[in-house]
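Enquirer: One structure is given below, represented as structure tokens, and several questions about it will come after.
The values are calculated or read from the model by the stated rules, or taken from the named source; none is laboratory data. Everything numeric here is computed off the predicted structure, so don't read it as measured data. Here the Cβ positions follow ideal geometry from the backbone for every residue, glycine too, while neighbour counts run over all protein chains shown. What goes into the accessible areas is simple: the full protein's heavy atoms, side chains included, and nothing from ligands, DNA or RNA. Shrake-Rupley method; radii C 1.70, N 1.55, O 1.52, S 1.80 Å.
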Amino acid sequence: MKTNKGYIILGLMIALTLFFELAAHAEPIDRSTKLTFSEPIQIPGEVLPAGTYLFRLADGHSGRHVVQIFNADGTVPYVTVLTIATERPYPTGDTVVALAEQGAGDPDALLKWFYPGRVTGNEFLYSKQKEKELAQDKQQTIMADQRKGPNSEITGAGD
């Protein structure tokens, strides 16, 4: 009986260690990310002034891609936008966004947002006409500084 109790205790200790190890390295379910834009940035339906914003998934469990945008400390909600899943060839350790440079005095448009370590990201949904226009614009991909982590700030739009 002592042997069985020993194996049970050892098994529980291993299970608890694995659980806490996984919990320590798990990404936040809301995938919150701070993004700093040095110039105004267009999102579907409006333009955000230059500044720092907190982007996060509204419901990470549902598989739906609803992104909420808040002020920098996450206390004031600005907008909630629908997105669709989008893929990239490989994950990076950085937050990544894709922008379309509209030119002619119009702000850059935010097209995609990828959380660090993820292949699947969020593509922002614009009207069909706006999508056609953005497809013709020069697009750029911007990565955050790896040393800052998933809640890092990245400077985009015009830099």
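Enquirer: Out of all the residues in segment 142-158, is one or more hydrophobic (A, V, I, L, M, F, W, C), surrounded by 13 or more Cβ atoms within 10 Å (Cβ to Cβ), in contact with a helix residue (DSSP H, G or I) (Cβ under 9 Å, 6 or more places away or on another chain) and modelled with pLDDT under 90?
Expert: Yes.
Enquirer: Working only within segment 123-141, note down all residues that are under 17 Å from the mean Cα position of the chain (by Cα) and open to solvent by less than 70 Å² (accessible area, probe 1.4 Å).
Expert: Residues satisfying the conditions are Glu123, Phe124, Leu125, Gln140.
Enquirer: If you don't mind, there's one more thing I want to ask. Considering only segment 91-101, state which residues are open to solvent by 30 Å² or more (accessible area, probe 1.4 Å) and either acidic (Asp, Glu) or in a strand (DSSP E or B) (or both).
Expert: The one that is open to solvent by 30 Å² or more (accessible area, probe 1.4 Å) and either acidic (Asp, Glu) or in a strand (DSSP E or B) (or both): Glu101.
Enquirer: Looking only at segment 64-90, count every residue that is closer than 27 Å to Lys132 by Cα and either surrounded by 18 or more Cβ atoms within 10 Å (Cβ to Cβ) or of a type outside the set (Phe, Trp, Tyr) (or both) and tell me the total. First the steps, then the outcome.
Expert: Narrowing segment 64-90 to residues closer than 27 Å to Lys132 by Cα: 64-69, 78-90.
Those left that are additionally either surrounded by 18 or more Cβ atoms within 10 Å (Cβ to Cβ) or of a type outside the set (Phe, Trp, Tyr) (or both): 64-69, 79-89.
Of the residues in segment 64-90, 17 are closer than 27 Å to Lys132 by Cα and either surrounded by 18 or more Cβ atoms within 10 Å (Cβ to Cβ) or of a type outside the set (Phe, Trp, Tyr) (or both).
Enquirer: While we're on this one: Being assigned to a helix (DSSP H, G or I), over 15 Å from Glu46 (Cβ atoms) and open to solvent by 20 Å² or more (accessible area, probe 1.4 Å): is that true of Ala104 here?
Expert: For Ala104, the condition - assigned to a helix (DSSP H, G or I), over 15 Å from Glu46 (Cβ atoms) and open to solvent by 20 Å² or more (accessible area, probe 1.4 Å) - is not met.
Residues are listed down the side, and each one gets a yes or a no for (1) farther than 18 Å from Ile43 by Cβ; (2) touching a Ser or Thr at 6+ places or on another chain (Cβ under 8 Å); (3) touching a residue at least 40 places away in the same chain (Cβ under 8 Å):
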residue: Val67; (1), (2), (3): no, yes, yes
residue: Gly74; (1), (2), (3): no, yes, yes
residue: Val81; (1), (2), (3): no, no, yes
residue: Ala98; (1), (2), (3): no, yes, yes
residue: Leu125; (1), (2), (3): no, yes, yes
residue: Ala135; (1), (2), (3): no, no, no
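Enquirer: Sticking with this one: Checking Gly117 against (1) modelled with pLDDT under 85; (2) under 15 Å from the mean Cα position of the chain (by Cα); (3) loosely packed, with under 14 Cβ neighbours inside 10 Å, which single condition isn't satisfied?
Expert: Condition (1) is where Gly117 drops out.
Enquirer: Taking the criterion of being modelled with pLDDT of 90 or more, assigned to a loop (DSSP other than H, G, I, E, B) and over 16 Å from Glu123 (Cβ atoms), would at least one residue in segment 46-58 satisfy it?
Expert: Within segment 46-58 (the criterion being modelled with pLDDT of 90 or more, assigned to a loop (DSSP other than H, G, I, E, B) and over 16 Å from Glu123 (Cβ atoms)), the answer is yes, since at least one residue qualifies.
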